[in-house]
Amino acid sequence: MNLTDFDYDLPQELIAQRPLAERDASRMLVVDRASGAWEDRQFRDFPDLLRGDELVVVNNARVLPARLFGRRTGIHAQQPGDNSPARQEHLQAPIEVLLVRRVEEDVWEALVRPGRKIPVGDRIVFGDGELEARVERRGGFGLRILRFTSRTGFYEALGRLGRIPLPPYIKRADEASDRERYQTVYARQGSAVAAPTAGLHFTPEILARLRERGIETSEITLDVSLGTFEPIRTEQLEDHKIHAESYEISEAAAAAIGRAKSEGRPVLAIGTTVVRAVEDAAAKSAERSTTITPGAAEADIFIYPGKPLRIVNQMLTNFHLPRSSLLALVATFAGRENILQAYGHAVEAGYRFYSYGDCMLIR
């Protein structure tokens, strides 16, 4: 399957740079996965468009303020006898650290800029020294492995010093309001460095309307990584090696999914991250399994047209980048041609795209 088969033209002005004033004011393109027919609606219609027996599964991962600015210190920074102005200016130059994925307790893969000036063994100090990172080793794709220490605890210090890591297609600096808006209203746990953006449309009122209709909801946790923005670099889609993301499915969530499947009820995933987690768990449980074993794992599943979907029947999702693994995943539900035609309509109708944009319900 050629990567060019998942391309489309998107005017830059349709890439949403800010969220709407109200979360649930976004537009929603409803796509019939069998026929490919679509209908323009508002997200506020979402609870009323459901049959009523669906299991709605959300990703409750919390986004960390994973962007840090510090200064260099350590064994390579402190060269005795060199107090030249140029040397001092170099030491005072800001260092940007973007957390990518937690490796173990207080150890993270990170992008460091300018990375070439930060060798193994160097230290980076943030704030007034309440948070510090040591470069343990180099990783692939320009990553560094950093070990953090803090006087007050890593997450407490990060909460004060870190900034929200907005996606690369949002061409502005993060603002104070992004701490709340680039987070779902049901975010509870985890160490995500990007938002499960399909969930950004939900409000407490929408969740209450689902409960009033008796619609069951369940939560899983998948820590969205920066790999979600990673481009496909191979000409053939099947040759791409997908990024891995950590997830955890509780016993309650696994049981709810098992009940829905055994009763023939639809499982509606809120976002591609939920699809990845539950389909990966099903694939690892047993061949052709429609049950899920609870626990923690790494999602390394690559879903594209022709791959089987064992758990999810419907999904709510934002609009995704051309030639991306997420667009391939969405095309698995309704077919590549149907999805690209729906995207073409969304462009023509002026829908807002990507993280702070509008959404699509595939059913």
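Here are a few things to note about the model shown:
- Subset of the stretch 297-313 (residues that are under 19 Å from residue 223 (Cα atoms) and free of Cβ contacts under 8 Å to residues at least 40 places away in the same chain): 303
- Failed item in (1) in contact with a helix residue (DSSP H, G or I) (Cβ under 8 Å, 6 or more places away or on another chain); (2) assigned to a loop (DSSP other than H, G, I, E, B); (3) not small (Gly, Ala, Ser), with residue 200 passing the rest: (2)
- Single unsatisfied condition, residue 157 versus (1) within 23 Å of residue 100 (Cβ to Cβ); (2) open to solvent by 10 Å² or more (accessible area, probe 1.4 Å): (2)
- Strands (runs of 3 or more DSSP E) within the stretch 273-363 that include 2 or more residues under 27 Å from residue 239 (Cα atoms) and open to solvent by 20 Å² or more (accessible area, probe 1.4 Å): 295-299
- Residue pairs whose Cβ atoms lie under 6 Å apart, sitting 6 or more positions apart in sequence or on different chains, and linking a residue in the stretch 189-201 that is in contact (Cβ under 8 Å) with a residue 60 or more places away in the chain and farther than 15 Å from residue 277 by Cα to a partner that is of a type in the set (D, E, K, R) and part of a helix (DSSP H, G or I), are 201/23; 201/24.
- Condition broken by residue 324, with the remaining ones in (1) out of contact with any Asp or Glu (no Cβ under 8 Å at 6 or more places or on another chain); (2) more than 18 Å from residue 194 (Cα to Cα) satisfied: (2)
- Residue check for residue 300: in contact with a helix residue (DSSP H, G or I) (Cβ under 8 Å, 6 or more places away or on another chain) and more than 28 Å from residue 28 (Cα to Cα): yes
- Every test in (1) exposed (fewer than 15 other Cβ atoms within 10 Å of the Cβ); (2) basic (Lys, Arg); (3) at pLDDT 95 or above is passed by residue 87 save one, and that test is (3).
- Among residues of the stretch 131-157 that are on the phi < 0 side of the Ramachandran plot, those with a Cβ under 9 angstrom from a residue that is hydroxyl-bearing (Ser, Thr, Tyr) and outside any strand (DSSP E or B), sequence gap 6+ or separate chain, pair up as 131/152.
- Scanning the stretch 131-141 for residues being over 15 Å from residue 66 (Cα atoms) and either hydroxyl-bearing (Ser, Thr, Tyr) or open to solvent by less than 50 Å² (accessible area, probe 1.4 Å) (or both) gives a total of 3.
- Within the stretch 237-272, considering residues that are closer than 24 Å to residue 108 by Cβ and assigned to a loop (DSSP other than H, G, I, E, B), the one most open to solvent (accessible area, probe 1.4 Å): 241
- Among the residues of the stretch 92-130, those identified as at negative phi, outside any strand (DSSP E or B) and open to solvent by less than 30 Å² (accessible area, probe 1.4 Å) are 115, 118, 130.
- Of all residues in the stretch 44-56 being aliphatic (A, V, I, L, M) and closer than 18 Å to residue 24 by Cα, the one that is surrounded by the fewest Cβ atoms within 10 Å (Cβ to Cβ): 49
The values are calculated or read from the model by the stated rules, or taken from the named source; none is laboratory data. Everything numeric here is computed off the predicted structure, so don't read it as measured data. All Cβ positions, glycine included, derive from the backbone under ideal geometry; neighbour counts span all protein chains shown. Each accessible area value is taken on the protein alone, full model and side chains, heavy atoms only, with ligands, DNA and RNA left out. Shrake-Rupley method; radii C 1.70, N 1.55, O 1.52, S 1.80 Å.
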